[in-house]
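In what follows, a structure is listed as structure tokens, so that the remarks can point back to it.
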Amino acid sequence: MNEASKTLWGGRFAAGMAPAMEALNRSLDDDFRLWPYDVRGSRAWARALGRAGILTSETVESLLEGLAEVERALPGLRPEELADEDVHSLVERLLGEAIGPDAGRLHTGRSRNDQVATDLRLWARDCIVRLEGLVAGAASALVDLAERSVDVVMPGYTHLQQAQPIRGAHWCLSHLWPLLRDRSRLRSTAGRASSLPLGSGAIAGCPYPVDRQWLREELGFDRISENSLDATSDRDWALDLLFACAMLGVHLSRLGEDLVLFASREFGFLVLDDGYTTGSSLMPQKRNPDVAELTRGAAAVTLGDLMAMLSMVKGLPTGYDRDLQHDKSVVFRTTDLIEVVLPAMAGAVGTARFVPEATTRALTPDLLATDVADLLVAEGVPFRESHELVGRLFLEAERAGVPADRLPQGERAAIHPVLAEWRTDPSSYAASADRRAGPGGTARSALLEQIAEARTALEG
Ligand code: ARG
């Protein structure tokens, strides 16, 4: 064991840790990224101990100078080259190397249990700000595409069967609003994470008169934790973050699934830019929508991480348990994934273009069946009855092997006279869309309003 692997808790132990245990025990590769927060928390703690009269002002000064030196050294270090147990041990070792034995005074009244809980919450706050910005980037790419596709009329699907005509912008915005809900979930997570655990000690609280309200303000938290036993073992907020990311992952995955379908030769509704597709090492003709597939796959990982964390906390006995060390790898993996997925999807959507010839080609009179039923309703036929009559029209057409609007007039009149009058032309689909002009509908006018609303919501 080298000097660096000296732990923070050696006194009670006669022998060193077994190498196999060291490998399991070590978390530095995962938690190294917390160092800026560990240093910030340590600085605040040193000052709080000084204010409480536990440390002299000279000691506090020396600790602060040492921490500044440590802060300068840390960016140049590589965790895989260090033998320290975790980031807290590393910071304390470096502090000792910088200022000598006084470094050992910093941990007075503090435990790694309240320390790591504080570090992770501080980290999450910055992470969530980054995620919010990336979500807004993807959302704004969707609004831009919506703006470019107001005049694209395409089949709308339920059960992946043609349902009713919609405008391209309608589809784009259907993927935008979920992202804005995800952003608001992230924000509320930040609010819940903003409770300061520091000052909770290992479990029972701090025996020194440390001013936790001052610490709260110093570290920018909204509240202080109410119960030290809860504060050191609570990871609810991390689960909120994992859920918010998993939900976001699911939304991006659904968008990805649509992109894969729509970019296929069979649909051909959309073309993805070369920059977001890849080729095949064997088949020269291939242009694969990998951006969307990788996103779907990444979403699966975020679901697994949420489940892993739920399982990690479900059977924990009271107080901090070491199981919780694994919270970081799970939270970091999910948020790292989301941080690479979002810009890629934003870019793919931002450079995608609709192919109006293909969406137009896909429009069939089936999409107008509801409108035909509404024609009968306008003549006073109760909707249930008109649904039945139009159903018959489409059945007859199917039997005759012709589109419903090409069924001979006589046969249509036999079902209902109004059906004989029914005519379609290429504008019928846009006209159908434009009849849905209420808020949230697919009419051109409603969509222009929705785009404006989306832009306002994006600013919020
Ligand atoms: N590396 C540990 C973690 O992430 C720090 C807390 C250790 N606490 C303890 N009681 N051993 O959870």
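The values are calculated or read from the model by the stated rules, or taken from the named source; none is laboratory data. If you're wondering where the values come from, they're calculated on a predicted model, not measured in any experiment. When we count neighbours, we look across all protein chains shown, and the Cβ atoms used for this are built from the backbone with ideal geometry, even at glycine. These accessible areas exclude ligands, DNA and RNA; they are computed on the full protein's heavy atoms, side chains included. Shrake-Rupley method; radii C 1.70, N 1.55, O 1.52, S 1.80 Å.
Return the residues of the stretch 308-345 that are within 21 Å of the chain's Cα centre (by Cα), of a type in the set (S, T, N, Q) and within 12 Å of the ligand (Cβ to nearest atom); say none if nothing qualifies.
Residue satisfying the conditions is Ser329 alone.
Go through the residues of the stretch 363-372 one by one and say whether even a single one is touching a strand residue (DSSP E or B) at 6+ places or on another chain (Cβ under 7 Å), in contact (Cβ under 8 Å) with a residue 40 or more places away in the chain and not in a helix (DSSP H, G or I).
Taking the stretch 363-372 and keeping what is touching a strand residue (DSSP E or B) at 6+ places or on another chain (Cβ under 7 Å), we get 363-364, 366-367, 370.
Filter again for in contact (Cβ under 8 Å) with a residue 40 or more places away in the chain, leaving 363-364, 366-367, 370.
Retained after the next criterion (residues that are not in a helix (DSSP H, G or I)): 363-364.
Looking for residues that are touching a strand residue (DSSP E or B) at 6+ places or on another chain (Cβ under 7 Å), in contact (Cβ under 8 Å) with a residue 40 or more places away in the chain and not in a helix (DSSP H, G or I), one finds at least one in the stretch 363-372, hence yes.
Of all the helices (runs of 4 or more DSSP H) wholly in the stretch 1-117, which have at least 2 residues that are of a type outside the set (Gly, Ala, Ser) and open to solvent by 70 Å² or more (accessible area, probe 1.4 Å)? It would help to see each step written out before you state the result.
Working: elements: 19-25, 28-31, 35-51, 57-73, 87-99.
Output list reads 19-25, 35-51, 57-73.
Could you tell me which numbered condition Asn288 fails, if it satisfies all but one of (1) within 16 Å of the ligand (Cβ to nearest atom); (2) of a type outside the set (Ser, Thr, Tyr); (3) under 30 Å from Val355 (Cα atoms)?
(1)
Under 8 Å by Cβ, and 6 or more places apart or on different chains, what pairs join a residue from the stretch 232-255 that is over 15 Å from Leu294 (Cβ atoms) with one that is β-branched (Val, Ile, Thr) and open to solvent by 20 Å² or more (accessible area, probe 1.4 Å)?
Thr232/Ile203; Ser233/Thr318; Arg235/Val313; Leu239/Val313
Check Ala231, Ala202 and return the single one that is part of a loop (DSSP other than H, G, I, E, B) and over 30 Å from Ala457 (Cα atoms). Walk me through how you get there before you give the answer.
Values: Ala231 fails: part of a loop (DSSP other than H, G, I, E, B).
Only one candidate qualifies: Ala202.
Can you name the number of the only condition in (1) assigned to a helix (DSSP H, G or I); (2) within 20 Å of Arg361 (Cα to Cα) that Val402 fails?
(1)
When Trp422 is evaluated against the numbered criteria (1) farther than 30 Å from Glu147 by Cα; (2) at pLDDT 95 or above; (3) of a type in the set (A, V, I, L, M, F, W, C), which criterion, by number, is the only one it fails?
The failed condition is (2).
Against the condition within 28 Å of Val116 (Cα to Cα) and small (Gly, Ala, Ser), how does Ser184 come out, does it pass? Explain how you work it out, then say what you get.
Working: within 28 Å of Val116 (Cα to Cα): yes; small (Gly, Ala, Ser): yes.
The answer is yes for Ser184.
Just one of the numbered conditions (1) out of contact with any helix residue (DSSP H, G or I) (no Cβ under 7 Å at 6 or more places or on another chain); (2) under 18 Å from Ala146 (Cα atoms); (3) open to solvent by 20 Å² or more (accessible area, probe 1.4 Å); (4) not charged (D, E, K, R) is not true of Gly350; which one?
Gly350 satisfies every listed condition except (1).
Among the residues in the stretch 343-355, are any closer than 30 Å to Gly268 by Cα, out of contact with any Ser or Thr (no Cβ under 9 Å at 6 or more places or on another chain) and among the basic types (Lys, Arg)? Lay out the reasoning, then the answer.
Kept after step one, since they are closer than 30 Å to Gly268 by Cα, are these residues of the stretch 343-355: 343-355.
Next, from what is left, pick out any that are out of contact with any Ser or Thr (no Cβ under 9 Å at 6 or more places or on another chain): 343, 347, 349, 351-352, 355.
Of the ones still in play, those that are also among the basic types (Lys, Arg) are none.
No, the stretch 343-355 contains no residue that is closer than 30 Å to Gly268 by Cα, out of contact with any Ser or Thr (no Cβ under 9 Å at 6 or more places or on another chain) and among the basic types (Lys, Arg).
Could you check Arg216 against (1) within 26 Å of Thr318 (Cα to Cα); (2) more than 25 Å from the chain's Cα centre (by Cα); (3) touching a residue at least 24 places away in the same chain (Cβ under 8 Å) and say which number it fails?
All conditions pass for Arg216, except number (3).
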